[in-house]
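Once you've had a glance at the structure underneath, I'll fire off some questions.
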Amino acid sequence: MPLPEPSARRSVHHRVIDMQTYARDDGLYDVEARLVDRKPFPFQLMSSDEPLPAGEALHDLWIRLTVDDTYVIRDIVAASDSTPWPLCKEATDTLRVLIGERIARGWTAMVKDRLRGAASCTHLMEMLVPMATTALQGIRGLQRDTPLLMGEERAREKIDSCFAYGRDRAVVKMLWPRYAAGRPDGDGPPEGGRTTV
């Protein structure tokens, strides 16, 4: 176990999120996500007279994003197999407002702006945020035809995008010394900044 030994405790909720990127035969990519919430004890839903049995899914939600190699969303479908209210299942089509949008800088803010509150299902909206990085990691892994250390574009993408790539850390000093903090020419990455989603 990578964490320190915990204090005495008992499980009260279990959420599993699984995401995967697929390369399609037609040149597009599918990014699929599934979220399942369970309680380890009978749980009383407001929508039912009978408690949900221990271990049964309170939420069981699916999303498939279909994107092209420039990260533009070509299609999006969702399914809600288990929800607290039957009405929740009607929220799946609300995600279609994202068709034509591009996974890029500002993705998280755009998703929250389009789908917040009563506009959609909170859980479906929250799944879309990490689906973006799942798409980027999957697709970029296949597009990598130049070494990791090459070029201004790579520096623009990476510098200050996470802890390891902070301009004052050893990784940037090793990979892109020109842009390392403290260098006369290292006041920052090339114009464009970081590309977090």
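Calculate the spin-label point distance for residue 47 paired with residue 15, positioning each point 7 Å from the Cα along the beta-carbon direction, and give it in nanometres.
Modelled inter-label distance: 1.8 nm.
Looking at the chain as a GNM with Cα springs under 10 Å, which of 108, 83, 21 has the largest mean-square fluctuation?
Of the options given, 83 has the highest mean-square fluctuation.
Is there a quick way to get the dipole size of the chain? I mean about its Cα centre, with the Cβ of Lys and Arg at +1 and of Asp and Glu at -1; what is the value in debye to the nearest 20? Show your work: numbers first, answer last.
Numbers: 27 positive and 29 negative charges, 150 e Å.
That gives a dipole near 720 debye.
Still on this model: Within a Cβ distance under 13 Å of residue 52, other residues only, what is the Lys/Arg minus Asp/Glu net charge?
Numbers: positive: 38, 39; negative: 37, 49, 50, 56, 60.
Value of the local net charge: -3.
If contacts are Cα pairs under 8 angstrom and at least 6 residues apart, what is the relative contact order of the chain in percent? If you can, show how the numbers build up before the last one.
Numbers: 330 pairs, mean separation 28.1, N = 197.
In percent, rounded to a whole number, it is 14.
Same structure again: Between the range 27-55 and the range 64-87, what is the C-alpha centre distance in whole Å?
17 Å
Modelling each spin label as a point 7 Å along the Cα-to-Cβ direction, I'd like the residue 8/residue 118 distance in nm, to one decimal.
My value for the distance between the label points is 4.7 nm.
If you stretched the chain out fully between residue 153 and residue 77, how much longer would it get, using 0.36 nm times the residue separation minus the C-alpha to C-alpha distance?
Residue separation times 0.36 nm, minus the Cα-Cα distance, leaves 24.1 nm.
Could I ask something else about it? I'd like the orientation of helix 122-143 relative to the chain: the angle between its Cα long axis and the longest Cα principal axis, in ° from 0 to 90, rounded to 10.
Compared with the principal axis, the helix lies near 40 degrees.
Set the Förster radius R0 to 25 Å, insert the Cβ-Cβ distance between residue 68 and residue 162 as r into 1/(1 + (r/R0)^6), and round the FRET efficiency to 0.05. Could the numbers behind the result be given before it?
Working: r = 26 Å, r/R0 = 1.03.
Here the calculated transfer efficiency is 0.45.
Between 157, 50, 90, where does the largest GNM mean-square fluctuation fall for the chain, given springs only between Cα atoms within less than 10 Å?
50
Name the residue, out of 138, 182, 106, whose mean-square fluctuation peaks in a Gaussian network model built on the chain with Cα pairs under 10 Å.
Largest GNM mean-square fluctuation: 182.
Also: Expressed as a whole percent, how much of the Cα-Cα distance distribution for the range 14-143 exceeds 25 Å? It would help to have the intermediate numbers written out before the result.
Details: 2414 of 8385 pairs.
The proportion of pairs with Cα distances above 25 Å equals 29 percent.
Return the calculated 222 nm mean residue ellipticity for the chain, to the nearest 500 deg cm²/dmol, obtained by summing -39500 (n - 2.57) across DSSP H runs with n ≥ 4 and dividing by the residue count. If you can, show how the numbers build up before the last one.
Details: 4 runs with 45 residues, N = 197.
It lands at -7000 deg cm²/dmol.
No lab work stands behind these numbers, since they all come straight from the coordinates. Fair warning: this is a prediction, and the values are worked out from it, not measured in the lab. As a convention, Cβ positions derive from the backbone with ideal geometry for all residues, glycine included, and neighbour counts pool all protein chains shown.
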